[in-house]
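What follows is a set of notes on a single structure, which appears directly below.
Just so it is clear, none of the values below were taken in a lab; they were calculated from the coordinates. Predicted, not measured: the structure shown is a model, and the values here were computed from it. Here the Cβ positions follow ideal geometry from the backbone for every residue, glycine too, while neighbour counts run over all protein chains shown.
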Ligand code: HEM
């Protein structure tokens with residue numbers, strides 16, 4: 001009987017170790033971006049970059065800065081498997097009618113890369129976020 005309990009105990013310990021190892025592994029990416037404060041900083045810098053970039057600036061002339069930053073932080077957090085919920089509009093609904101093309105999209109991606117570099121996000125982690133953003137082009141663009 002005692003042998004059984006000690007066996008069951010070991011199995012339970014092993015399982016909990018596996019689960020906590022997974023929980024740890026799952027948010028590595030989120031942590032490499034500095035969690036919520038890191039993401040807020042990156043999004044602030046991204047916004048400074050797009051406003052200083054003649055290729056993207058015109059799109060943001062009358063845009064609601066505070067709202068966009070807040071929704072972007074939520075969205076990046078979700079994409080990085082962080083503990084967040086995205087409460088903004090769909091990418092298609094948000095960007096339709098804005099005439100965003102490949103050049104504008106690529107420019108914004110470069111502005112994001114600069115912001116990630118500035119905040120010390122490791123290159124392989126940057127690429128993981130970019131890989132998740134790339135397919136969104138389909139919904140963000142509205143001309144070829
Ligand atoms: C993968 C790329 C992109 C992502 C993930 C993204 C994400 C977002 C998010 C989350 C919002 C706020 C949504 C809301 O209000 O509920 C937003 C708004 C906006 N985005 Fe993007 N965006 C992307 C690309 C672009 C590009 C390439 C441009 C233009 C160069 C752009 C211009 C704007 C503008 C002007 C708004 C404000 C729209 C408004 O409320 O009037 N976005 N974007």
Do we have residue 128 as in contact (Cβ under 8 Å) with a residue 12 or more places away in the chain, under 11 Å from the mean Cα position of the chain (by Cα) and near the ligand (Cβ under 9 Å from one of its atoms) here?
no
Restricting region 47-73 to residues that are near the ligand (Cβ under 8 Å from one of its atoms) and in contact with a helix residue (DSSP H, G or I) (Cβ under 9 Å, 6 or more places away or on another chain), which is nearest to residue 124 (Cα to Cα)?
72
So is residue 32 more than 8 Å from the ligand (Cβ to nearest atom) and within 26 Å of residue 141 (Cβ to Cβ) or not?
no
For residues that are closer than 16 Å to residue 114 by Cα and more than 11 Å from the ligand (Cβ to nearest atom), tally how many sit in region 35-46.
7
Being touching a residue at least 24 places away in the same chain (Cβ under 8 Å) and within 14 Å of the chain's Cα centre (by Cα) is the filter here; which residues of region 135-144 pass it?
136
